[in-house]
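Colleague: The following block contains the structure, expressed as structure tokens.
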Amino acid sequence: MAVEIPKEKWTAQVRKVTIGATSEEGGTRAKTLTVGGESALPFLHYEGSFPNKPALAVEIRDRKPDDWSPLLLDALGETAEDPAKWAQAAEAMGADLIYLVLSAATADGNPNTPENVRAVVRKVLDATGLPIAVVGPGQAEIDNELIVPAAEEADGERVLLGVCEEKNYRTIVAAALAHNHLVQSKTPMDVNLSKQLVILINDMGLPLERIMMDPTTGALGYGIEYGYSVMERLRLAALTGDKMTQQPMIVDPGAEAWKVKESKVGEGVPEAWGDWNRRALNWETLTATTLIHSGANIVILRHPENVARVRKVIDDLSSATT
Amino acid sequence: MSRYVATRAIRGANAIVAEADVLLQKALKEKGADQAVAFPNTAYFLPVALGMMGHEVSTLGELEPVMTYAKSMLHPIPDSKVWTPYLGETLDSGMATLLAAETIEAIRFVYGEQPEPYPGFQLAGGTSFTSPDNGGEPSLDGHLNGPIDDIQLRSWGIQLVDGRMPGFAAIIGAARSNEAAVSIVRELQQRSILTFLSGNVNGRSIIDQLQEEGVEMGYDTYIVPFGRDTLSAIYALGFATRSALTFGGLKGGQWRDILLYNKNRVFAFALALGEVDDLKYAAAAGAISYGFPVIADTIIPEILPTGVTRYEHVISMPWNEIEGETESEKAKQLVQKCIEVRGVKIQITEVPVPVPYGSAFEGEVVRRADMRAEFGGKGSRAYEYLFMADMDDVEDGKIEVIGPEFDTLDEGGFMDLGILVKVAGRKMESDFEPVLERQIHYFVNGASGIQHIGQRDIAWIRISKAAAEKGFTLKHFGDILHARFHGDFGTIVDKVEVKIITEPKLYAEWLEKAREAYNERNERMGAMTDESVEDFYSCTLCQSFAPDHVCIVSPERLGLCGAYNWLDCKASFQINPTGPNQPIKKGECLDDDKGYFTGVNEYAVQASHGSVSDVAMYSVMENPMTACGCFECIMMVIPEANGFMIVSREDTSMTPAGMTFSTLAGVAGGGLQTPGVMGHGKFFVLSKKFIRADGGLKRVVWLSSIMKEQMAEQLKEAAIREGDPDLIDKIADERDCTDVEGLVKHLQEKNHPALSLPPLM
């Protein structure tokens, strides 16, 4: 007996957002990254169209991080010593976007400076042809101090700047307005707050086509179901026509997965947990793929191997015919 | 529009356009049409011409269309006998003036007359300029700034857009004295307002005055000397135009959007010091098109109606009539007025007190043993009273302590204290007075070592020894309130003045006034009905954990958490227009008894994402309002008793429903509509609309004793209103019974009215 699969009809679609600018568009990127545009829930090809697959960003730092897992640092090797090499390595891994996170302090413990930020941004732009994102260390005042020179240095490159949060978004948005960039709008796991911050940023005059929405997530086992549910509800609202929730979503499974005990700790844990490296990698993979199922358009990853692994999941899901 | 102003502006425009035209013809003859024309270091050509006309000027010849356009906007001077509306003509003339001024400055650049040479002048950072005098090297010496370059535009623009810089002031002319000039500029500087200087009065400019007084001018000091004639004020409008092009994503030629962008987002104003001549009137008319009001320190006709600008267009504040002993006091008043007229919001980020401050200290308790002084409580009384006044009657930031400080007390002693807060604001309404007044509790509590309990005339404040040792005095209450009201309620409050009273006579006098106001507010709130308003308010604050729940708050039904009544929601919406409290048009009333409204139903569908389509505001048996989980009480039908039980959050006992509060919460919460069960706020029980469709207060058969005690007086009044003065005594509580059998027996013994009402089910 033939089974009729019930199909949902949606009235709206996710907004398309393009990061990066080629030389024709006033930048120097070899290619740009467009996400969004889908008109149904993730991978349900029989219900709508999916012009752009979920994309993978790889996080790099302006200097070798002090607090990253030795597993990650081992895998990265000497590339972690230099942001330019790291960016090239990320490109080789198959990244679609370089996600550059600035540190609050330099390696010798002094506060990071606008001059250093400019130099790093320039280096990364010169090292890779991929579009880039530049975000601050996540402390309002320092973020503002560092993102403005970064935006200036990357003028015209349509960089994704961040991170805009409810308490601190105005300076970053102003920098994006002044230098033709995009912003990442991050709110703590709440549909209405996500929507509200998009409205506030848009009210400042930044077009919706230049806003990526970050609804925040937790790692596998650490609140991922909560993040999943918020993303799912945002996407349902988007597809039913709520304009201010139609931004494509970016989430950071890399940072989340690598800060939980299961991936961080290799000793003194139950034997049943198995091989540390395998466990840690799987934690990041599963966090990322789960979020892709709930509608993530860009996931940020850390481990080199995971780029290929997550890519395979996306490709397999995208090629399914029924 | 004043005919006097119109006449002078139109006359000024006609003269300057003619002058520009002559100058352009001469330049064309001497230098040729291909001679390059540019302001230094900008990608925006001549910005006003680009913004308003979409016309890119890079040669002398390309200035001709600008002049043609300017001429087309000129008008004859208004007839002295026939009175016609001349706002349009005046604004046109203003725009013609700006184009002519920009043309003249551009030509002056060609002749090396701009930026204006000023021997001996040194810019403290600025647009560097190459001149033959310094061997063709960029230099900051010997000239004024001229137009602001693009790099600085972006840097300051970001601060203007993100709000760190509240706005800019374009000062034109010269102050009454050097001292006045310095005072005015310092007042602006203190408020982080960017200051542009231009113009003169009889050859003497504010730039000369500041130079004589040794005030550094340039990018580094946020005081930019454009030039010593009125025409150089055009650079301020060029800056404004480029702001809109850079930060508003606008293109040249979108003149309407550019002007609106400036009106709505760039908080700038013009301050005309000294005599206002025709050209200044004409330039002012140009500024008004950008939504920038003009304030003069001389007697000129005022234009008070709003329209092109947000508030008044032209304000006259004659210097010698400003109250104040010294020039600096007068300057303060003048600048305050400018800020007010333009609606510039001042940000205060830190609370200036000698003890740590933050919400982490809100719950702190000061024990008797640690206490330095006490106000209110057993031995003394304290009250706080916030009221609004006219803008001119409130002096922002003024904090007075009237009467002795607490250092006159013995350790652990007490005294009477009154805190008066006088506020003013363009958007302030008397309805917001109680909403703001209740914030005093949270604000004062934020200081480490200070404990605040209660409100109104039952306030009770303790200051710890530790706080007193660090130097906390009564004045600091004022500092806290001034900073926090500006910080948290800046959208509705523009000015805050505080009086702290310990002087007994004045204390008693104001206590009387405060009590009168409290009574009046009670009555006003009591008289406010759902019928008397157009809008209810939504509250979706809890959707983070109850995604489909939406609270509808009406004057007679407060939020189920008890924290938000209708006025709170109204104020919250003013403060945060994109926030969780949105007005809901009531729409048509479909059922007066049950409380169905078309607007409420439509909103519920949308905000609950389709899961709730009908809400009965006044019924629990049919389509009751959903709940998140924050309710103060839960009401549930007890069919055997033909009524409802209400259990409050504090009550942990078993109830006749066979469930405790926490078990019931699972049934009542989560955004589900369950007829017969409802979460609600405590005070809703007192409302005339309280489950009106189901029989009102007479249906309540069981009520947690804590509520009976907390609201004894009000419940008694409500019972009298319902026509059964002994009703509360007939209602059982957990001390009488916690099961249905006991409840029914109790009701029969007490002859509770619910038993004789029509059956609920």
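Colleague: Please state the shape class of chain B: rounded when a/c is under 1.5, otherwise prolate if a/b exceeds b/c and oblate if not, all from the C-alpha gyration tensor.
Modeller: Prolate is the answer for chain B, as a/c is 1.5 or above and a/b outweighs b/c.
Colleague: Sticking with this structure for a sec: So which GluC sites (Glu not before Pro) in segment B:478-541 pass both tests, a DSSP loop state and at most 10 other Cβ atoms within 10 Å of the Cβ? Walk me through the intermediate numbers first.
Modeller: Details: sites: B:Glu497, B:Glu509, B:Glu512, B:Glu516, B:Glu520, B:Glu523, B:Glu531, B:Glu534; in loops: B:Glu534.
Qualifying residues, ordered by number: B:Glu534.
Colleague: Here is a further query. Taking θ = phi - 60°, what integer Hz values does the Karplus form 6.51 cos²θ - 1.76 cosθ + 1.60 yield along segment B:221-237, in sequence order, with x for Gly and Pro?
Modeller: Ordered by residue, 3J(HN,Hα) equals 9, 6, 10, 10, x, 6, x, 8, 10, 4, 4, 5, 4, 4, 5, 5, 6 Hz.
Colleague: Round to a whole number: what % of the accessible area of segment B:146-342 belongs to carbon and sulfur, probe 1.4 Å?
Modeller: 47
Colleague: Just to be sure I understand: if you take the accessible area of chain B alone plus chain A alone and subtract the pair, with a 1.4 Å probe, what total do you get in Å², rounded to 100?
Modeller: 1600
Colleague: To the nearest 500 deg cm²/dmol, what mean residue ellipticity at 222 nm is calculated for chain A from DSSP H runs of n ≥ 4 alone, each contributing -39,500 (n - 2.57), summed and divided by the residues? Can you show the working numbers first?
Modeller: Working: 11 runs with 128 residues, N = 322.
One gets -12000 deg cm²/dmol as the mean residue ellipticity at 222 nm.
Colleague: Okay, next question. Please list the non-local residues whose amide H lies under 5 Å from the amide H of B:Ala373, H modeled 1.01 Å from N, same-chain partners needing a gap of 5 or more.
Modeller: Distant-sequence amide H within range of B:Ala373: B:Gly412, B:Ile463.
Colleague: Can you tell me the relative contact order of chain B? Whole percent, Cα pairs under 8 Å, sequence separation 6 or more.
Modeller: 8
Colleague: Right, another one. Peptide A:167-178: average number of partner chain Cβ atoms within 10 Å per residue?
Modeller: Per-residue shielding by partner chains comes out at 5.
Colleague: Among the residues of segment B:550-581, which ones have their accessible area go down by 40 Å² or more when all the protein chains sit together, as opposed to their chain alone (1.4 Å probe)?
Modeller: Residues losing area: B:Thr578.
Colleague: Moving to a separate point now. Once you average over the residues of B:602-610, how many Cβ atoms of partner chains fall within 10 Å of each Cβ?
Modeller: Values: counts 0, 0, 0, 0, 1, 1, 0, 6, 1.
Across the residues of B:602-610, the mean count of other-chain Cβ atoms within 10 Å is 1.
Colleague: Ordering A:Glu141, B:Glu741 by how much accessible area each has at a 1.4 Å probe, largest first, what is the list?
Modeller: Numbers: A:Glu141 155, B:Glu741 130 Å².
Heavy-atom accessible area, descending, gives A:Glu141, B:Glu741.
Colleague: OK, next. Enumerate by residue number the trypsin sites (Lys or Arg not before Pro) in segment B:435-484 meeting two conditions: DSSP loop (anything except H, G, I, E, B), and at most 15 other Cβ atoms within 10 Å of the site's Cβ.
Modeller: When the trypsin sites (Lys or Arg not before Pro) of segment B:435-484 are filtered for loop state and at most 15 Cβ neighbours within 10 Å, B:Lys470 remain.
Colleague: Something else: Using modelled backbone amide H atoms (1.01 Å from N, in-plane), which distant-in-sequence or interchain residues come within less than 5 Å of B:Asp416's amide H?
Modeller: Placed amide hydrogens put B:Arg381 under 5 Å from B:Asp416.
Colleague: What is the set of long-range amide H partners of B:Leu672 at a cut-off below 5 Å, with H atoms built 1.01 Å from backbone N?
Modeller: Answer set, sorted by chain and number: B:Ala627.
Colleague: Using a 1.4 Å probe over the heavy atoms of the protein chains, calculate the carbon and sulfur portion of the accessible area of chain A as a whole percent.
Modeller: The C+S portion of the solvent-accessible surface of chain A is 51 percent.
Colleague: Moving to a separate point now. Rounded, prolate or oblate, given the Cα gyration tensor of the protein assembly as shown, with a/c below 1.5 counting as rounded?
Modeller: The shape class here is oblate.
Colleague: Per residue of segment B:670-682, in order, report the coupling 6.51 cos²θ - 1.76 cosθ + 1.60 (Karplus, θ = phi - 60°) as ³J(HN,Hα) in whole Hz, putting x for Gly and Pro.
Modeller: The phi angles translate into x, x, 9, 8, 10, x, x, 10, 7, x, 7, x, 4 Hz.
Colleague: Right, next: Just to verify a number: what accessible area does A:His303 come out at with the full protein assembly present, 1.4 Å probe, Å² rounded to tens?
Modeller: For A:His303, the solvent-accessible surface is approximately 10 Å².
Colleague: Show A:His293, B:His55 ordered by accessible area, largest first, where the area counts protein heavy atoms only and the probe is 1.4 Å.
Modeller: A:His293, B:His55
Colleague: Set the Förster radius R0 to 25 Å, insert the Cβ-Cβ distance between A:Glu4 and B:Ser611 as r into 1/(1 + (r/R0)^6), and round the FRET efficiency to 0.05.
Modeller: FRET efficiency, A:Glu4 to B:Ser611: 0.40.
Colleague: For segment B:262-278 and segment B:611-684, compute the distance between their C-alpha centroids and round to whole Å.
Modeller: If we compute the Cα centre of each part, the gap is 59 Å.
Colleague: Cysteines without a disulfide-compatible partner in chain B, using Cβ under 4.7 Å as the rule?
Modeller: When partners are defined as cysteine Cβ atoms under 4.7 Å apart, chain B leaves B:Cys338, B:Cys569, B:Cys589, B:Cys633, B:Cys737 without one.
Colleague: Sorting check: for A:7-15, B:692-700, which peptide has the highest mean count of neighbouring beta carbons within 10 Å, and how do the rest follow? Working shown, then result.
Modeller: Working: A:7-15: 15.6, B:692-700: 21.6.
In decreasing order of mean packing, A:7-15, B:692-700 become B:692-700, A:7-15.
Colleague: For segment B:531-756, what's the relative contact order in percent, using C-alpha pairs closer than 8 Å and at least 6 residues apart?
Modeller: With pairs under 8 Å counted, the relative contact order is 19 percent.
Colleague: Follow-up. In segment A:223-247, what residues drop by 50 Å² or more in accessible surface going from the chain by itself to the full protein assembly, probe 1.4 Å?
Modeller: A:Arg233
Colleague: Is segment B:620-701 best put as rounded, prolate or oblate by its Cα gyration tensor, with a ≥ b ≥ c the root eigenvalues, rounded for a/c under 1.5, and otherwise prolate when a/b is larger than b/c, oblate when not?
Modeller: Here segment B:620-701 falls in the rounded category.
Colleague: Quick one: ranking B:Arg515, A:Arg302 by accessible area, 1.4 Å probe, largest first, what do you get? Could you put the intermediate results ahead of the total?
Modeller: Values: B:Arg515 90, A:Arg302 25 Å².
Descending order: B:Arg515, A:Arg302.
Colleague: Can you pull the accessible area of B:Phe196 for me, 1.4 Å probe, Å² to the nearest 10?
Modeller: Roll a 1.4 Å probe over it and B:Phe196 shows about 0 Å².
Colleague: Kindly report the accessible area of chain B per residue (heavy atoms of protein chains, probe 1.4 Å, no ligands, DNA or RNA), in Å².
Modeller: Roughly 40 Å² per residue, with all protein chains present.
Colleague: Quick one: accessible surface of B:Thr230, probe radius 1.4 Å, all protein chains present, in square angstrom to the nearest 10.
Modeller: Rounded to the nearest 10, the figure is 20 Å².
Colleague: Can you work out ³J(HN,Hα) from phi for every residue in segment B:359-376, in order, using Karplus 6.51 cos²θ - 1.76 cosθ + 1.60 and θ = phi - 60°, giving whole Hz and x for Gly and Pro?
Modeller: Ordered by residue, 3J(HN,Hα) equals 5, 4, 8, 4, x, 4, 10, 9, 7, 3, 5, 9, 8, 8, 8, 9, 10, x Hz.
The values are calculated or read from the model by the stated rules, or taken from the named source; none is laboratory data. Predicted model only: the values in this text are computed from it and were never measured. So basically every Cβ, Gly included, is an ideal-geometry build from the backbone, and we count neighbours across all protein chains shown. Accessible surface is based on the protein model in full, side chains and every heavy atom, while ligands, DNA and RNA are left aside. Shrake-Rupley method; radii C 1.70, N 1.55, O 1.52, S 1.80 Å.
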